[in-house]
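First up is the structure itself, then whatever we jot down about it.
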Amino acid sequence: MFSLLSLTIGSLSAIIQTNLKRLFAYSSISHMGFIFLGLTSGIIATRHDVSRNAYAASLFYLIIYCLSALLIFGVLLFLSKEDHEYKEIKDLKGLNQYDSSLAVLILISMFSFAGIPPFIGFYSKVSIFQLMIENGNIIPAIIAIFFTLISAFYCLRIVKNVYFDKPVLSNNTSLVFFSKTKYLLYANGIIIILFSLFPDALMNICIQIIENSFKDNYLSY
């Protein structure tokens, strides 16, 4: 119940925002709803393997969310200057025209948030949906899918501003093209891409962590 409420409040509140900080704050509420859906599936599961996979899926989702959030906030902090802070979606207009590398990093983060294949966010959401359906929670799964589509809208709106809108000339200032911070952002983006190419590797790590963490408790039955 509370998981679906988080999805509802987070998605519907984020879609009407133009301020980036508020948008991602409400978006985080929606993402926490997904994580709790996985945890709930693990609690109500009657089979050892389903319970284990549900907790692993929640951990998997949490890792991907953190990586994607670090990337987008890192880019926004990198872009912000003393005389101008990137607060609104419109501030990102035409970013691709004067720094295509940062535009690609935003695209990676937004596509992962939205769960667009083949990015890793798609696999994290699908793993939650599969577990819900496996536990017989068909209607909650359909509701979660519906709000995933809503979440995809505001993520794609940001990508649209970055790639298809004309740049805001006052923001079209010289950027630092090579810096330690930018290399860290590149590394973050590369990690997301690698996980997108090999999602099973990360899922297996999550399963192993869950087994090692709970082997003496409920997973031992």
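No value in this document is a laboratory result; all are computed from the given coordinates. Quantities reported herein were computed from a predicted structural model and do not represent experimental measurements. Glycine also receives a Cβ, built like all others from the backbone with ideal geometry; neighbour counts cover every protein chain displayed.
As a proxy for reagent exposure, Lys182, Lys166 were ordered by neighbouring Cβ count within 10 angstrom, fewest first; the result is Lys166, Lys182. Working from label points 7 Å from Cα in the Cα-to-Cβ sense, the Ala25 to Ile9 distance is 1.3 nm.
Checking the table Lys90/Lys166; Lys21/Lys90; Lys81/Lys180; Lys21/Lys180; Lys125/Lys160 against a 21 Å threshold on Cα-Cα, which pairs fail?
Where the Cα-Cα span goes over 21 Å, the pairs concerned are Lys21/Lys180; Lys125/Lys160.
Can you tell me the FRET efficiency between Ser80 and Asn204 if r is taken as the Cβ-Cβ distance and R0 is 45 Å, rounded to the nearest 0.05? In this case the efficiency is close to 0.75.
With runs of 4+ DSSP H residues as the only contributors, calculate the mean residue ellipticity of the chain at 222 nm using -39,500 (n - 2.57) per run, divided by the residue total and rounded to the nearest 500.
-25500 deg cm²/dmol
Considering only Ile191, Ile139, Ile158, the Gaussian network model of the chain with Cα springs below 10 Å gives its largest mean-square fluctuation to Ile139. Each of Ser41, Cys155, Ile29 was placed along the dipole of the chain (beta-carbon charges, centred on the mean Cα), and the one lying farthest toward the positive end is Cys155.
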